[in-house]
1. Based solely on C-alpha atoms, express the radius of gyration and the Dmax of the stretch 118-188 in angstrom.
2. When the Debye formula is applied to the Cα atoms of the chain, each taken as the same point scatterer, what base-10 log of I(q)/I(0) results at q = 0.08, 0.09, 0.12, 0.13 Å⁻¹?
3. Quick check on the stretch 8-49: what does the Kirkwood estimate of hydrodynamic radius come out to from the alpha carbon pairs, in Å?
4. For each of E201, E107, count neighbouring Cβ atoms within 10 Å of the residue's Cβ, then give the residues from fewest to most.
5. In a GNM of the chain with a 10 Å cut-off on Cα contacts, which of A122, A13, A146 has the highest mean-square fluctuation?
6. Which one, D70, D81, D149, has the greatest fluctuation when you compute a Gaussian network model over the chain with C-alpha springs under 10 angstrom?
7. In whole Å, largest first, what are the principal axis extents of the Cα atoms in the stretch 69-110?
8. Cross-link candidates for K27: which aspartates and glutamates have Cα within less than 14 Å, leaving aside residues fewer than 8 places away along the same chain?
Amino acid sequence: MGNRRISRDVKIAALNLYEQGHLSIKKILAWVGFSRSTFFCVLRLWRTTGDVVRPQNRTGRPRVLHHDIDYLISLIHHRPDSFLDELLNLLKHNRFISVHYTTIHRELERAGMSTKKLDEVAEERSEPSRLDYIREISQIPADCIAFLDETSKNDKTPGRRLGRAKKGKRATKRRKAVRGRRLTATGVLTSRGILTSTVVEGSMHHDQFLSFLEHQDASSPSALHTLAH
């Protein structure tokens with residue numbers, strides 16, 4: 001019979017039966033199904049270490065940042081855009097730990113920290129004001145709310161920034177280098193969809209914006225006045 005792993009619970013049960021004198025050693029071995037030499041090896045290990053399983057020898061070097069990963073995570077929460085060399089210097093000066101930046105990278109990955117696109121939030125943003133706005137606007141019916149926004153494009157805007165190519169090769173695509181004519185589109189979005197929109201060449205200035213709000217179509221009533229009524 002080849003080597004097999006004996007359950008830890010079976011070993012402890014066999015030792016309890018033996019030490020409490022419930023069964024003889026012959027009957028215990030017949031029930032648990034392992035040899036006499038294995039039984040006494042387990043008994044000796046139990047009396048020496050207090051356990052029936054030998055401690056496993058871990059290979060490799062011990063982790064240097066085992067107790068300092070929480071400090072790294074707090075730094076990431078404070079400054080998500082920190083570079084690895086910046087974290088390395090903070091560890092060296094504040095925790096007196098000198099490691100390679102790849103060690104920091106691996107420990108952050110083990111802690112579930114990944115690299116992703118940074119979501120920028122305005123520093124001047126006031127959370128109490130945002131909560132007040134949400135509380136007030138939640139009292140208005142959805143049919144009476146309209147959102148107005150504008151966007152612009154030129155000949156370079158529709159370009160994709162990611163591509164594929166074989167390893168060692170550049171992903172290349174020919175595209176226009178001149179911006180070309182700039183167009184600005186403005187629209188009003190409601191719960192019923194886009195209510196009205198307009199497109200002007202260049203940037204929309206103050207007078208054009210007010211004219212768009214007052215009369216989008218000279219042959220029909222203003223869509224915004226229709227929404228208000």
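Readers should treat all values here as calculations from the given coordinates under stated rules, not as data from a laboratory. Note that the coordinates shown come from a computational prediction; the quantities given were computed from them, not determined experimentally. Quick reminder, even Gly has a Cβ in these numbers, built from the backbone with ideal geometry, and neighbours come from all protein chains shown.
1. Calculated on Cα positions, Rg and Dmax stand at 20.6, 58 Å.
2. Reported log10 I(q)/I(0), two decimals: -0.74, -0.81, -1.02, -1.07.
3. Numbers: mean 1/r = 0.0984 Å⁻¹.
Here the Kirkwood hydrodynamic radius works out to 10.2 Å.
4. Going from sparsest to densest Cβ surroundings: E201, E107.
5. So, out of A122, A13, A146, the one fluctuating most is A13.
6. Sorting by GNM fluctuation, first place goes to D149.
7. 21, 19, 17
8. E19
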